[in-house]
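Take this structure first; my questions come after.
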Amino acid sequence: MTISKSPVVTAYLGLGSNLASPLEQLKSARAAIAATVGIKERAFSSLYHSLPMGPQDQPDYVNAVMAIDTELSVLDLLQSLQVIENAHGRCRAGERWGARTLDLDILMYGDQQIDLPMLTVPHPGIAERSFVLYPWHEIAPELSIPGKGQLTDLLANCSLAGLKRLD
Ligand code: ROI
């Protein structure tokens with residue numbers, strides 16, 4: 001019997017937190033993602049401080065974007081990220097667009113366009129989210145996003161207001 005290796009796919013993940021020491025949440029999430037079997041970290045952006053999108057009566061966020069190579073299927077990747085979110089105290093019953101200790105989004109998975117009840121990839125909100133586009137552009141300036149065009153063009157149409165890069 002031959003055991004074939006799963007193909008390696010480059011994927012991009014968005015990380016966000018606005019509760020319980022957001023900087024520490026993101027650092028710890030990065031380590032947990034990089035330590036997951038079937039995932040290799042390729043790049044990690046700067047950390048960004050951002051004003052909340054959605055309800056304003058919540059703390060400011062810290063955001064970042066991570067590039068990985070993965071042998072996991074997109075649904076296995078989603079499940080691994082949800083396990084990490086839950087391990088960071090993420091509660092899924094709260095208000096839509098409310099505060100969260102850790103949010104891990106699959107922004108892009110190879111060149112695939114996926115439309116399932118539990119998962120849309122590329123992530124549908126990216127064009128309006130400076131806290132995704134700026135860190136993402138930092139680590140993948142040449143990237144073309146399936147169905148959405150060049151990352152540079154999305155960036156050019158998105159305001160930097162409310163976003164600050166942390167050193
Ligand atoms: N706002 C910011 N600035 N950063 C986020 O990661 C973030 N995530 C969310 C909502 C509530 C939409 N707002 C956000 O899920």
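Looking at the stretch 149-167, which of the residues that are aliphatic (A, V, I, L, M) and either within 12 Å of the ligand (Cβ to nearest atom) or loosely packed, with under 14 Cβ neighbours inside 10 Å (or both) is nearest to G110 (Cα to Cα)?
We begin by selecting, within the stretch 149-167, every residue aliphatic (A, V, I, L, M); these are 151, 154-156, 160-161, 163, 166.
When the remaining residues are screened for being either within 12 Å of the ligand (Cβ to nearest atom) or loosely packed, with under 14 Cβ neighbours inside 10 Å (or both), the result is 156, 160-161, 163, 166.
Values: A156: 23, L160: 27, A161: 30, L163: 27, L166: 28 Å.
Per the criteria, the residue is A156.
Just to check your reading of the model, which residue among P146, P122 is away from the ligand (no atom under 14 Å from the Cβ), more than 15 Å from L15 (Cβ to Cβ), in contact with a Gly (Cβ under 8 Å, 6 or more places away or on another chain) and not small (G, A, S)? Show your work before the answer.
Numbers: P146 fails: in contact with a Gly (Cβ under 8 Å, 6 or more places away or on another chain).
Exactly one residue qualifies, and that residue is P122.
Which residue out of V74, V83, V62 is hydrophobic (A, V, I, L, M, F, W, C), modelled with pLDDT of 95 or more and within 9 Å of the ligand (Cβ to nearest atom)?
V62
If you scan the stretch 44-59, which residues turn out to be more than 8 Å from the ligand (Cβ to nearest atom) and loosely packed, with under 14 Cβ neighbours inside 10 Å?
Step one: list which residues in the stretch 44-59 are more than 8 Å from the ligand (Cβ to nearest atom), which gives 44-49, 56-57, 59.
Scanning the stretch 44-59 gives Q56, D57, P59.
Additional query: In contact (Cβ under 8 Å) with a residue 24 or more places away in the chain, more than 12 Å from the ligand (Cβ to nearest atom) and not acidic (D, E), is that true of K27? Before you say what the answer is, go through the steps one by one.
Numbers: in contact (Cβ under 8 Å) with a residue 24 or more places away in the chain: no; more than 12 Å from the ligand (Cβ to nearest atom): yes; not acidic (D, E): yes.
For K27, the condition - in contact (Cβ under 8 Å) with a residue 24 or more places away in the chain, more than 12 Å from the ligand (Cβ to nearest atom) and not acidic (D, E) - is not met.
Also, quick follow-up: Would you say N18 is within 13 Å of the ligand (Cβ to nearest atom), buried (at least 18 other Cβ atoms within 10 Å of the Cβ) and at pLDDT below 95?
Working: within 13 Å of the ligand (Cβ to nearest atom): yes; buried (at least 18 other Cβ atoms within 10 Å of the Cβ): yes; at pLDDT below 95: yes.
Considered against the rule, which asks whether it is within 13 Å of the ligand (Cβ to nearest atom), buried (at least 18 other Cβ atoms within 10 Å of the Cβ) and at pLDDT below 95, N18 comes out as yes.
Is it true that A140 is more than 16 Å from the ligand (Cβ to nearest atom), small (G, A, S) and surrounded by fewer than 17 Cβ atoms within 10 Å (Cβ to Cβ)? Explain how you work it out, then say what you get.
Working: more than 16 Å from the ligand (Cβ to nearest atom): yes; small (G, A, S): yes; surrounded by fewer than 17 Cβ atoms within 10 Å (Cβ to Cβ): no.
Answer is no for this residue.
The values are calculated or read from the model by the stated rules, or taken from the named source; none is laboratory data. What you see is a predicted model; the values in this text were computed from it and never measured. When we count neighbours, we look across all protein chains shown, and the Cβ atoms used for this are built from the backbone with ideal geometry, even at glycine.
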